[in-house]
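The values are calculated or read from the model by the stated rules, or taken from the named source; none is laboratory data. It should be emphasised that the depicted structure is a prediction, and the values quoted were computed from it without experimental measurement. In this analysis, Cβ positions are derived from the backbone assuming ideal geometry, glycine residues included, and neighbour counts consider all displayed protein chains.
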Amino acid sequence: MERQGYILIISHDVVGKRMAGPGIRYFHLARVLAQEFETVLAVPEGSTLSADWPIIAYASGSDESLRRAIQAPARFWFLLFSWLTCLP
């Protein structure tokens with residue numbers, strides 16, 4: 001079966017022991033989705049939580065690790081600030 005892609009969730013809020021509302025929502029959304037789908041959570045530098053699914057840290061919107069995750073060759077769903085977009 002051809003790989004359909006993965007879910008990339010980009011959090012604009014730090015994910016760690018002292019999370020605010022958005023960080024908590026993104027972390028738990030990724031946790032639930034990772035139970036059924038390949039999921040990657042992108043978090044700002046300074047985030048401290050680890051998980052059973054991939055988490056990548058980024059320094060800014062032009063960070064290379066974030067760019068690679070966005071430009072992956074497979075089709076994936078992309079969630080950013082509550083907007084859901086399908087990118088080819």
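Miscellaneous remarks
- Scanning the range 1-50 for residues that are surrounded by fewer than 14 Cβ atoms within 10 Å (Cβ to Cβ) and among the polar types (S, T, N, Q) turns up GLN4, GLN35, THR48, SER50.
- Across the range 51-70, the qualifying residues are those that are in a loop (DSSP other than H, G, I, E, B) and surrounded by 15 or more Cβ atoms within 10 Å (Cβ to Cβ), and the one among them that is nearest to the chain's Cα centre (by Cα) is PRO54.
- Within the range 37-50, the set of residues being in a loop (DSSP other than H, G, I, E, B) and closer than 19 Å to ALA72 by Cβ comprises PHE37, GLU38.
- Residues in the range 1-35 that are at pLDDT below 85, assigned to a loop (DSSP other than H, G, I, E, B) and over 20 Å from SER65 (Cβ atoms): MET1, GLU2, ARG3, GLN4, LYS17, ARG18, MET19, ALA20.
- The range 39-48, residues that are closer than 18 Å to ARG67 by Cα and either at pLDDT below 85 or of a type outside the set (Gly, Ala, Ser) (or both): THR39, VAL40, LEU41, VAL43, PRO44, GLU45
- Unmet requirement for GLY46, which otherwise passes all of (1) within 13 Å of VAL15 (Cβ to Cβ); (2) free of Cβ contacts under 8 Å to residues at least 24 places away in the same chain: (2)
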